[in-house]
Amino acid sequence: MKTSKTVGRVTLVLEGRSVGDDMLITLTGGAAHIGAAALAYRDSGTGRTTASVLSAPGHKEEEIALKGAKMFSKALNKTVLFAAGIHLDDITPEEITEIENACMEIIESSLKNSD
């Protein structure tokens, strides 16, 4: 799976691949890197999706990684590692909001297309 979406000055790229029965997904934009990563899995006993997130110092991608991991894990009923890294020099508060919204849009769109 690979898809992209341009918003303002940045193109977001969401890529995913199977790792056995699990999924590894990256969402990058601008100067690609790993700012945060979340691991989510479905508990077969309770049916709940549980996730944990790690982030590099000074990075703000925790929420994107956590939401992305949970959404993909729940939809696909798989263990998912979701890594996010988006960087734009001199980013404005408005751009941050636009990029966060676009991240959710690209995740939701990818999930709809994976049915």
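Assorted remarks:
- Residues of region 6-16 satisfying the condition of being over 13 Å from the mean Cα position of the chain (by Cα) and outside any loop (DSSP other than H, G, I, E, B): T6, V7, V10, T11
- Hits in region 60-95 - residues which are of a type in the set (A, V, I, L, M) and without any contact (Cβ under 8 Å) to a residue 12 or more places away in the chain: I91
- Residue in region 66-73 that is surrounded by 20 or more Cβ atoms within 10 Å (Cβ to Cβ), more than 9 Å from the chain's Cα centre (by Cα) and among the hydroxyl-bearing types (S, T, Y) present: yes
- Tallying residues that are within 16 Å of C103 (Cα to Cα) and either touching a Leu at 6+ places or on another chain (Cβ under 6 Å) or surrounded by fewer than 12 Cβ atoms within 10 Å (Cβ to Cβ) (or both) within region 10-58 yields 8.
Every number in this text was worked out from the coordinates using simple rules, so none of it is lab data. Only a predicted model underlies this, so the values are computations on that prediction, with no experimental measurement involved. All Cβ positions, even for glycine, are placed from backbone atoms using ideal geometry, and neighbour counts span all protein chains on display.
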